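The values are calculated or read from the model by the stated rules, or taken from the named source; none is laboratory data. Bear in mind that the values here come from a model prediction, so they are computed numbers and not experimental data. Positions of Cβ are generated from backbone atoms using ideal geometry, with glycine treated the same way; all protein chains shown enter the neighbour counts. Just so you know, the surface numbers come from the protein's heavy atoms only, side chains and all, with ligands and any DNA or RNA stripped out. Shrake-Rupley method; radii C 1.70, N 1.55, O 1.52, S 1.80 Å.
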Amino acid sequence: MARPIPLRKRLLVRLLITSVLIAICSVAATAWLAVETTTRAIQEEQGQVLTEDMDILRQLSGYAATHRDWSGVGKTVRALSDRTGRRIALTAPDRTPIADSETRNTALPPRAAAAVDPLHTDTFTEPGAQRTGIDPRAVGPFRLPRAERERVRLLAEKRRACFSNNGVQTRITQMPSGRSVLTDEEGTVDGGQVPTPCADGVLNTPTATEEKALAELNTYAGDCLKHVGGKFPSLFAATVDFTDRSMLTRYVGGKAETGIDTTRDQDKKAQECVDGARRQQLEPYVAPAAELFLGRGDSAVPHFDMSAANKAKVTGVAGLVLALTVAVTVLVATRLVRPLRALTHAAQQPPEQHVRVPVTTQDETGILAVAFNDLADRRERMEAQRKAMVADIAHELRTPLTNIRGWLEVTRDGVVDPDPELLASLHDEAVVLQRVIDDLQDLAAADAGTLRLHREPVRADELLEQVVAAHRVAAEAAGVRLHTAVAASKGSDGSHGSDGSDCTPWLDADPVRMRQALGNLVSNAIRHTPADGTITLSSRRHDDEVVFEVADTGSGIAPEDLPSVFERFWRAEKSRSRRTGGSGLGLSIVRQLVTAHGGTVTVTSELGSGSVFTLRLPDAR
């Protein structure tokens with residue numbers, strides 16, 4: 001009796017543990033991945049949204065800095081909306097609509113995203129940031145006409161060449177006002193230190209347009225500077241640096257030029273005066289301040305809230321998935337183990353019982369059960385064949401041995417004399433015994449794979465003639481006629497061979513074994529063909545095969561016996577009479593010999609009309 005399987009080694013338990021571990025790992029990994037992916041996606045989307053918002057604000061601020069009003073901003077708003085997929089709306093501070101990319105009459109978001117005011121917010125100097133100050137693109141009266149821009153550019157190119165000759169590499173950068181300046185790799189105006197030969201001051205000299213604008217700026221700043229305190233030179237225009245990349249007018253102070261000391265507080269107030277004067281000067285040239293609204297309809301920014309409620313939901317879903325996994329695993333594993341247990345129980349039964357198992361499924365387990373039942377059937381048939389073979393061998397050997405022993409005993413006792421006729425009878429019995437033993441030896445060699453073949457090219461017609469010649473005497477004695485018919489094959493063009501002869505089929509085979517196989521078929525046909533009957537041996541080529549046929553006009557074989565004709569010791573006579581000769585091994589040997597040559601043998605028959613045995617062997621050509 002089989003030992004019980006420990007619980008930890010049972011297939012059901014192993015499947016259950018494996019499924020639980022997989023489920024836990026899958027749920028945990030999925031939850032972690034979902035949280036991480038969602039969080040990362042939200043962060044990336046928020047960063048992308050912020051970048052888009054700053055770009056929109058930067059472009060609209062640039063529009064305001066270079067236009068006196070918002071009358072033509074609608075086209076810009078729609079283009080930005082199409083590119084970003086965002087809703088963009090501009091309103092006055094009192095929510096009066098200026099431009100809106102949303103054609104439907106929908107409500108604006110509750111709060112404005114930013115204020116568009118180039119006189120107080122700088123979105124140009126540092127991309128992606130909002131700095132307090134005047135947008136450098138708001139140049140107003142400082143914008144150079146084309147002639148002055150060209151003249152300043154030529155001066156900049158001349159100065160850049162001078163810098164290059166003195167070992168300082170710079171590049172020409174055009175400011176929003178149209179003025180050309182020299183900058184180095186770090187963005188420093190005029191490349192930091194100016195070589196002495198290049199310090200001519202020509203490039204930085206204000207043009208007529210700039211002189212006019214500076215005079216206006218001095219007028220706006222004059223009254224304010226008077227209240228700052230300290231003494232500020234009337235040559236204030238000379239302290240305005242036009243090469244500054246941001247184009248911000250900066251107050252230098254009068255200490256270096258006038259020798260008058262100023263305090264830090266005075267410097268700060270002076271800068272405020274200059275900034276206020278510039279805003280006053282630029283105000284007619286820029287669009288009025290506006291409110292910028294951005295959104296996606298609901299104006300909600302996506303977010304992932306891992307609150308206690310959400311954590312409870314995730315935990316509940318994970319637990320539900322785990323419970324379902326366990327339940328499904330138990331159900332599936334139980335159904336899987338049940339037929340396996342039946343197979344195990346059947347396999348543990350004694351072999352002689354040949355137990356079968358019921359096939360309850362059509363999956364892999366059902367296929368295994370069918371294979372097990374087929375194996376049991378084959379084992380039962382093989383056991384029956386083994387028993388029958390032992391009985392058949394005993395029967396085949398007993399008869400000639402009994403005859404030989406009987407005649408020898410009566411001869412020894414002097415009952416009969418050992419005359420030539422008795423010796424001939426004993427010799428015939430010995431030949432029968434030797435033939436049975438030789439047949440068994442051939443079958444044993446074929447079964448063990450040790451049947452040796454001596455292959456050589458063999459002509460089909462010559463092989464048939466040799467077989468007919470060997471059995472002609474026996475056929476004539478039985479009153480049976482032997483015929484041969486060899487079908488000549490033709491070339492691909494329909495002609496015969498180059499020598500005018502037919503292309504007779506050839507095969508690569510052992511001629512002795514092939515004569516033995518065909519001879520067994522002819523001997524079998526002679527025994528079962530009545531007098532005046534006919535046996536025809538034929539050969540032909542078919543595709544890549546040589547086909548031999550042995551057809552007789554004998555008694556034929558019953559349809560239910562056809563599957564058994566090649567079994568060992570099978571005879572058509574159910575009484576197992578040796579009256580017709582033969583040991584019942586001839587057809588089995590034929591099948592083994594043909595199989596050893598890589599061919600097949602089949603039989604067709606009809607009772608009362610004869611039988612046809614067909615051998616198919618590989619063509620040697």
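Search the range 129-144 for residues being in contact with a strand residue (DSSP E or B) (Cβ under 8 Å, 6 or more places away or on another chain) and not in a loop (DSSP other than H, G, I, E, B), and hand back the single one that is least open to solvent (accessible area, probe 1.4 Å).
Going through the qualifying residues, I end up with Arg131.
Which of the residues spanning the range 583-605 are hydrophobic (A, V, I, L, M, F, W, C), over 50 Å from the mean Cα position of the chain (by Cα) and not in a loop (DSSP other than H, G, I, E, B)?
Passing the criteria: Leu587, Ile589, Val590.
Cβ-Cβ distance below 6 Å, separation of 6 or more or different chains: which pairs start in the range 96-107 with a residue that is under 20 Å from Lys75 (Cβ atoms) and end on one that is surrounded by 10 or more Cβ atoms within 10 Å (Cβ to Cβ) and among the polar types (S, T, N, Q)?
The qualifying pairs are Pro97/Thr91; Ile98/Thr91; Ser101/Ser81.
Could you check Glu126 against (1) open to solvent by 50 Å² or more (accessible area, probe 1.4 Å); (2) of a type in the set (D, E, K, R); (3) touching a strand residue (DSSP E or B) at 6+ places or on another chain (Cβ under 7 Å) and say which number it fails?
(3)
Out of all the residues in the range 112-123, which are out of contact with any Lys or Arg (no Cβ under 6 Å at 6 or more places or on another chain) and buried (at least 17 other Cβ atoms within 10 Å of the Cβ)?
Ala112, Ala113, Ala114, Val116, Asp117, Pro118, Thr121
Can you tell me which of (1) at pLDDT 90 or above; (2) under 30 Å from Arg58 (Cα atoms) is the one Asp184 doesn't meet?
Every condition holds for Asp184 apart from (1).
Check off (1) touching a Lys or Arg at 6+ places or on another chain (Cβ under 8 Å); (2) modelled with pLDDT under 80 for Asn373 and give me the number that stays unchecked.
If we test Asn373 against (1) touching a Lys or Arg at 6+ places or on another chain (Cβ under 8 Å); (2) modelled with pLDDT under 80, just (2) comes out false.
Test Asp363 against the criterion of being open to solvent by less than 80 Å² (accessible area, probe 1.4 Å), at pLDDT 85 or above and on the phi < 0 side of the Ramachandran plot, and give yes or no.
no
Hey, among the residues in the range 388-436 that are closer than 30 Å to Arg591 by Cβ and at pLDDT 80 or above, which one's least open to solvent (accessible area, probe 1.4 Å)?
Ala430
Of the residues that sit in the range 526-546 and are touching a Leu at 6+ places or on another chain (Cβ under 9 Å) and under 20 Å from Arg616 (Cα atoms), which one is most open to solvent (accessible area, probe 1.4 Å)?
Ranking the candidates gives Glu545 first.
Conditions tested, residue by residue: (1) more than 28 Å from Glu283 (Cα to Cα); (2) under 60 Å from the mean Cα position of the chain (by Cα); (3) open to solvent by 20 Å² or more (accessible area, probe 1.4 Å).
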position	(1), (2), (3)
Arg146	no, no, yes
Arg160	yes, no, yes
Met175	no, yes, no
Gly201	yes, no, yes
Asn204	no, no, yes
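May I ask you to list pairs of residues, at least six apart or on different chains, whose Cβ atoms are under 7 Å apart, with the first in the range 273-295 being farther than 23 Å from His227 by Cα and the second being open to solvent by 10 Å² or more (accessible area, probe 1.4 Å) and of a type in the set (Phe, Trp, Tyr)?
Pairs that qualify, where the first residue is farther than 23 Å from His227 by Cα and the partner is open to solvent by 10 Å² or more (accessible area, probe 1.4 Å) and of a type in the set (Phe, Trp, Tyr), are Ala287/Trp70; Ala290/Trp70.
In the range 63-92, how many residues are within 18 Å of Pro284 (Cβ to Cβ), out of contact with any strand residue (DSSP E or B) (no Cβ under 6 Å at 6 or more places or on another chain) and part of a helix (DSSP H, G or I)?
Residues meeting the conditions: 3.
Taking interchain pairs and intrachain pairs at least six residues apart, which have beta carbon atoms under 8 angstrom, with the first residue in the range 507-527 and β-branched (Val, Ile, Thr) and the second not in a helix (DSSP H, G or I)?
Correct list of pairs: Val512/His454; Val522/Leu482; Val522/Ile535; Val522/Leu537; Val522/Val550; Ile526/Ala478; Ile526/Val480; Ile526/Ile535.
Within the range 280-319, restricting attention to residues that are modelled with pLDDT of 80 or more and of a type in the set (A, V, I, L, M), which residue is nearest to Ser19 (Cα to Cα)?
Among residues in the range 280-319 that are modelled with pLDDT of 80 or more and of a type in the set (A, V, I, L, M), the one nearest to Ser19 (Cα to Cα) is Leu294.
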